[in-house]
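The structure appears below as structure tokens.
The values are calculated or read from the model by the stated rules, or taken from the named source; none is laboratory data. Please read all numbers here as calculations on a predicted model, not as lab measurements. Cβ: placed from backbone, ideal geometry, glycine included. Neighbour counts: every protein chain shown. Please note that ligands, DNA and RNA were not included when accessible areas were found on the heavy atoms of the full protein model with its side chains. Shrake-Rupley method; radii C 1.70, N 1.55, O 1.52, S 1.80 Å.
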Amino acid sequence: MQLYNTLSAEERARLIDEAGKERLTLSFYAYAKIEDPKKFRDDLFIAWNALDALGRIYVAHEGINAQMSVPADNFEAFRETLEAYDFMKGIRLNVAVEQDNHSFLKLTIKVRNKIVADGLNDETFDVTNKGVHLRAKEFNSLLEDPNTIVVDFRNHYESEVGHFEGAITPDVENFRESLPIINEQLQDFKEDKNLLMYCTGGIRCEKASAYFKHQGFKNVFQLEGGIIEYTRQIKEEGIESKFIGKNFVFDHRLGERITDDIIAQCHQCGKPCDNHTNCANDACHLLFIQCDECKAAMENCCSTECQETIHLPWEEQVAKRKGLQVGNKVFRKGKSEALKFKKSGNLPDAPLAKAETKDIRQKIKVKKTLIGKAEHYYSKSKIAQFLIENNELAVGDKVLISGPTTGDQEITISQIFVNGTFSDTAKAGDQITFELPFRVRLSDKLYKILDSENA
């Protein structure tokens, strides 16, 4: 009986591409009393693995929190697996604004103490005693009430790229930090103010609204389904968006554009920008905002130190970080002295610029054909190696390199080595190498662009 992943992310990405079927990225949560989270977890894995459902899911005695990718053909069957449990009958599934077949590449279901870490140890705190849920139109109306205080219960790197107008945006790194800060800040408004709250999909507000009711706040409201559901409703019902900018999401896309307002800056040069990236240095992976120009100049790195590191032989990179804490144990997300234009806490509502397209990465929609796959990246020389599997490639062709981590990168081929020698063309079966300013991965695909048009 299979209870864990047996395929790597690269293998799964290849199978998804070969299947050629549409997948849906979605999220949901439910607070409930689960007696045996381990058995619940195993039962879900068996059911979802059979449907090729992927994602990151947390289960606990208090419920379930899930972000997933499900084949569109299996959507109803997937819903039936949820309906098998009384506490998930009729559950709302928040379908992503923009779809990506590679949003998740593994099925990971973990048993946790809580589905949302809150730092609370209060047995009298009833998470099911929640605030009033509001739909988009109702939420907008209450926003305009001068007696309303609106609070963003997301983290600083989320609110920096998008938030509701006039919202309090705490300078916090996680949800548990925000509860005592907001509670202290609003002590004088328990009786007479409308406390209006929101988050990405609703799960943090569900707990926050119950917590603030427990703390004695009288008029507590929350955005039903969070920003994801709000966006769906304003589009379907033609409602004005009071949310400006992007909604940060926790898969490789890192954001869904809600309005064309750019309210953040590149953390390195200050240019209006709201595209998050992770530092290319494997010992860092700092999450920060980086414009296309800095991405090219800094090679996806957050600092000159990290940029120098990625050019070292791999063995030296590994040796350099041996015994050191890496990743988020060193850096706060989006917080580093190297980032001169980082802003958090009290954020402005005024846009700095308008996005050129509605696509989260300012992409160009292209007509393309798959011609090969990535095999290796030589970081010191910045050389990428691909295998041509279909069609032909020639100097002067425009290509698109696409993958779950790499994103979509468009370049023009100016020079190629084919099977170890200079050549103007390559055909199926040839191994090619050429210079690239960014790392490629085994899951990356090589497409030849046939035509392009602005989105």
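When region 237-257 is filtered for residues that are out of contact with any Leu (no Cβ under 8 Å at 6 or more places or on another chain) and more than 23 Å from S69 (Cβ to Cβ), the ones remaining, listed by number, are E237, G238, I239, E240, S241, F243, I244, G245.
Give region 377-395 a look and list any residue that's over 19 Å from A428 (Cβ atoms), of a type outside the set (D, E, K, R) and open to solvent by less than 70 Å² (accessible area, probe 1.4 Å), or say none. If the condition is that a residue be over 19 Å from A428 (Cβ atoms), of a type outside the set (D, E, K, R) and open to solvent by less than 70 Å² (accessible area, probe 1.4 Å), then Y377, S379, S381, I383 are the ones that fit. Here N65 does not fit the description of being modelled with pLDDT under 90 and in contact with a strand residue (DSSP E or B) (Cβ under 7 Å, 6 or more places away or on another chain). Scanning region 205-242 for residues that are in contact with a His (Cβ under 7 Å, 6 or more places away or on another chain) and either assigned to a helix (DSSP H, G or I) or open to solvent by less than 10 Å² (accessible area, probe 1.4 Å) (or both) yields a total of 1.
Quick grid of which residues meet (1) touching a helix residue (DSSP H, G or I) at 6+ places or on another chain (Cβ under 8 Å); (2) surrounded by 16 or more Cβ atoms within 10 Å (Cβ to Cβ):
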| position | (1), (2) |
| --- | --- |
| A66 | no, yes |
| D73 | no, no |
| E83 | no, no |
| F87 | no, no |
| A96 | yes, yes |
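Here G225 qualifies as closer than 22 Å to V127 by Cβ and among the small types (G, A, S). The residues of region 379-406 include none that are over 16 Å from E10 (Cβ atoms), modelled with pLDDT under 85 and assigned to a strand (DSSP E or B). Of all the residues in region 396-410, those that are surrounded by fewer than 17 Cβ atoms within 10 Å (Cβ to Cβ) and under 23 Å from T309 (Cβ atoms) number 1.
Does any residue of region 172-183 turn out to be without any contact (Cβ under 8 Å) to a residue 60 or more places away in the chain, open to solvent by less than 40 Å² (accessible area, probe 1.4 Å) and in contact with a Pro (Cβ under 9 Å, 6 or more places away or on another chain)? Yes, region 172-183 contains a residue that is without any contact (Cβ under 8 Å) to a residue 60 or more places away in the chain, open to solvent by less than 40 Å² (accessible area, probe 1.4 Å) and in contact with a Pro (Cβ under 9 Å, 6 or more places away or on another chain).
Determine whether region 186-194 contains at least one residue that is in contact (Cβ under 8 Å) with a residue 12 or more places away in the chain and either among the small types (G, A, S) or surrounded by 21 or more Cβ atoms within 10 Å (Cβ to Cβ) (or both).
So far as region 186-194 goes, no, none of its residues is in contact (Cβ under 8 Å) with a residue 12 or more places away in the chain and either among the small types (G, A, S) or surrounded by 21 or more Cβ atoms within 10 Å (Cβ to Cβ) (or both).
Here S103 clears all of (1) at pLDDT 85 or above; (2) under 30 Å from K342 (Cα atoms); (3) open to solvent by less than 70 Å² (accessible area, probe 1.4 Å) except the condition numbered (1).
Within region 259-281, being assigned to a loop (DSSP other than H, G, I, E, B), open to solvent by 20 Å² or more (accessible area, probe 1.4 Å) and over 16 Å from F438 (Cβ atoms) holds for T259, D260, C269, K271. On inspection, C284 qualifies as modelled with pLDDT under 90 and in a loop (DSSP other than H, G, I, E, B).
For every residue, the table says whether it meets (1) at pLDDT 95 or above; (2) more than 21 Å from the chain's Cα centre (by Cα); (3) polar (S, T, N, Q).
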residue	(1), (2), (3)
E98	no, no, no
G119	no, yes, no
T169	no, no, yes
V172	no, no, no
I181	no, yes, no
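No other residue among F40, F45, F28 is part of a strand (DSSP E or B) and at negative phi apart from F28. Hey, does region 108-122 have a residue that's among the aliphatic types (A, V, I, L, M), assigned to a strand (DSSP E or B) and touching a helix residue (DSSP H, G or I) at 6+ places or on another chain (Cβ under 6 Å)? Within region 108-122 (the criterion being among the aliphatic types (A, V, I, L, M), assigned to a strand (DSSP E or B) and touching a helix residue (DSSP H, G or I) at 6+ places or on another chain (Cβ under 6 Å)), the answer is yes, since at least one residue qualifies. Only residues that are aliphatic (A, V, I, L, M) and part of a helix (DSSP H, G or I) were counted across region 195-204, and they come to 1. If the condition is being open to solvent by less than 50 Å² (accessible area, probe 1.4 Å) and hydroxyl-bearing (S, T, Y), then region 411-447 contributes S423, T433, S443, Y447. Reported count of residues in region 422-448, each being closer than 20 Å to S379 by Cα, part of a strand (DSSP E or B) and more than 21 Å from the chain's Cα centre (by Cα), is 6.
Give me a count of the residues in region 59-118 that are of a type in the set (D, E, K, R) and closer than 21 Å to L15 by Cβ.
Let us first name the residues in region 59-118 that are of a type in the set (D, E, K, R), namely 62, 73, 76, 79-80, 83, 86, 89, 92, 98, 100, 106, 110, 112, 114, 118.
Narrowing further to those that are closer than 21 Å to L15 by Cβ: 73, 100, 106.
Total satisfying the criteria: 3.
Kindly indicate whether any position in region 360-367 is under 25 Å from N174 (Cα atoms), charged (D, E, K, R) and modelled with pLDDT of 55 or more. The answer is no, given that none of the residues of region 360-367 is under 25 Å from N174 (Cα atoms), charged (D, E, K, R) and modelled with pLDDT of 55 or more. Would you call I16 in the same structural domain as M88 (by the TED database), outside any helix (DSSP H, G or I), in contact (Cβ under 8 Å) with a residue 40 or more places away in the chain and crowded, with 17+ Cβ neighbours inside 10 Å? No; evaluated as a whole, the condition is false for this residue.
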